[in-house]
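Written below as structure tokens is the structure these notes are about.
The values are calculated or read from the model by the stated rules, or taken from the named source; none is laboratory data. Computed from a prediction, not measured in an experiment: that's the story for all the values here. Every residue, glycine as well, gets a Cβ built from its backbone with ideal geometry; the counts of neighbours run over all protein chains shown.
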Amino acid sequence: MTKNNQEPMMANSKQWENICERCGRCCFEKYEYRGKIFYSDTPCEYLDLETKLCRIYPQRFELNPECVRLSPDLVQSGVLPDDCPYVKKIK
């Protein structure tokens, strides 16, 4: 998918969010070491570990300043695992 084709998808945030399979991995702390991203065993305090859903999803950006909005540029930066549906969609 080219960058130009990503813009309409981002304009329709419901379509963009429907890509998510609700695995919750993006809600775990990540660390960069020597250019590689490593996931910790520490989830966001708002992640429900049973349902893998955010308990404050509608207000997540206001209530959790560490929560980052996923965008095609962020996905391309390599912060998500290769088997993430967002990564597959962008590649």
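Return yes or no: is F38 in contact with a Phe, Trp or Tyr (Cβ under 7 Å, 6 or more places away or on another chain) and loosely packed, with under 13 Cβ neighbours inside 10 Å?
Criteria met by F38.
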Item checked: Filtered residues of the stretch 15-47 (kept if small (G, A, S) and part of a strand (DSSP E or B)) -> S40
Next item on the list: Can you give me the number of residues within the stretch 44-85 that are under 16 Å from F28 (Cα atoms) and touching a residue at least 60 places away in the same chain (Cβ under 8 Å)?
Entry: 1
Check: List pairs: first in the stretch 25-40 and β-branched (V, I, T), second surrounded by 13 or more Cβ atoms within 10 Å (Cβ to Cβ), Cβ under 8 Å, 6+ apart or cross-chain?
Finding: I37/K30; I37/G78; I37/V79
Notebook entry, point to check: Looking at E50, is it modelled with pLDDT of 95 or more and either assigned to a helix (DSSP H, G or I) or among the acidic types (D, E) (or both)?
Noted result: yes
Checklist line | For K88: the one exception among (1) assigned to a loop (DSSP other than H, G, I, E, B); (2) surrounded by 10 or more Cβ atoms within 10 Å (Cβ to Cβ) | finding: (1)
Checklist line | Checklist (1) surrounded by 12 or more Cβ atoms within 10 Å (Cβ to Cβ); (2) modelled with pLDDT of 95 or more applied to P72, failing item | finding: (2)
